[in-house]
Amino acid sequence: MSGLRNFIVVFLLALLGFGILGHFVATSIVPSMMEGDDGSESETSEVVSNDAGSEDSSDDISVDDSAVIEGNTFNFAFFCTDINDKLAGIYIIHTHDGYETCVTVPIPATAFVENNGAYTTLDKLFADYGKDFMITKLYYLTGCKIDEHATLSAVDVDGKGRNVTELSTYLKYTYKITEEFEYPNPDFVDGDNGNESEDASEELAGEFIKIETGSYALNGKTDGILNEQMLLDTEYNPNAFDIFSELITKMLNDSALAGNKTKQATVFNFIADKSFRNYDGSGASAYMFNDFRKASFAYSGTGGAWDEIREAVKTLERKVQ
């Protein structure tokens, strides 16, 4: 009996020893080995992620949570229309009062966009569906929900001075043509359809006049043609949208307007179809003319440009120099 008892004691001690050793292996050594394997995989995937992100590194700015600043955003859109009331382009202004940044996004009317499974251009979409539809579409395309909007028109349909010409005169803005173009000559007479003699028809003005490069005041005339008529005609001037873009940029960067709501309200008197009645109660007065750091996104016009806009707005919002 004594021998049996000793055997049982030794056996139980052995089981206890193996149990302790097994518990140590299971809870310490094995997890460490597994963490080493997972760590190597994680490191590899991080390198891949960084390589993939090298093409578009805008997401890198959100890695450090401490860099994220709380604040209010405000998005304003100018719908710019040419001399024929055709869309010349859209100008989005995105501000963030936490980062104190103001990002502007000029988008020409020739930008391609998909709608109902087919590709079209912004000006065609605007003509077919109108401004309200475009506001919703812009949110889908750019990620910017438009809070307020207005129309910057080449033509004053109400006779109240709400047009580009009046605004450019107030801001003392002159446009410099960098690419010459031709414009229909209002004095042109088709000799074949008239009663003029052959000699007289040879002296008639040409069908088009060439608009040379240089500076042009919008409220002036060139060869008898009102400058706003020829400069703000998107059919003939390929860079007509530049006038709107430069004018809005000049307005936003005018130090005389910062903090001066009286002058700001005067500026908005030249702008039509505003989504607000009282400028003082508008988000535009609270955000657009603050002394924020400014940046502008250059639309490339290439495929995927809408993704570029989304990422650029997010990046510049936090990274304006």
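Residues that are over 18 Å from the mean Cα position of the chain (by Cα), loosely packed, with under 14 Cβ neighbours inside 10 Å and not in a strand (DSSP E or B): does the stretch 115-124 have at least one? The answer is yes, given that some residue of the stretch 115-124 is over 18 Å from the mean Cα position of the chain (by Cα), loosely packed, with under 14 Cβ neighbours inside 10 Å and not in a strand (DSSP E or B).
Among the residues of the stretch 136-152, the ones that are modelled with pLDDT under 95 and crowded, with 16+ Cβ neighbours inside 10 Å come to 6 in all. For ASP223, the requirement of being of a type in the set (D, E, K, R), at pLDDT 95 or above and either under 25 Å from the mean Cα position of the chain (by Cα) or farther than 19 Å from THR101 by Cα (or both) is not met. Going residue by residue through the stretch 161-172, is there one that turns out to be surrounded by 15 or more Cβ atoms within 10 Å (Cβ to Cβ), at pLDDT below 95 and more than 25 Å from ASN237 (Cβ to Cβ)? Checked the stretch 161-172: no residue is surrounded by 15 or more Cβ atoms within 10 Å (Cβ to Cβ), at pLDDT below 95 and more than 25 Å from ASN237 (Cβ to Cβ).
Here ILE225 meets each of (1) at positive phi; (2) touching a Pro at 6+ places or on another chain (Cβ under 8 Å) with one exception, condition (1).
Among the residues of the stretch 205-219, those identified as assigned to a loop (DSSP other than H, G, I, E, B) and over 22 Å from LYS86 (Cα atoms) are ALA205, GLY206, GLU207, GLU212, THR213. Taken over the stretch 253-289, the criterion of being over 16 Å from THR169 (Cα atoms) and in contact (Cβ under 8 Å) with a residue 40 or more places away in the chain is satisfied by ASN253, ALA272, ASP273, LYS274, SER275, PHE276, SER282, GLY283, ALA284, ALA286, TYR287, MET288.
Just one of (1) touching a residue at least 24 places away in the same chain (Cβ under 8 Å); (2) of a type outside the set (Lys, Arg); (3) surrounded by 15 or more Cβ atoms within 10 Å (Cβ to Cβ) fails for ASN227. It is (1).
The values are calculated or read from the model by the stated rules, or taken from the named source; none is laboratory data. Everything quoted here is computed from the prediction, not taken from an experiment. Counting neighbours? That spans all protein chains shown, and the Cβs are built from the backbone with ideal geometry, glycine included.
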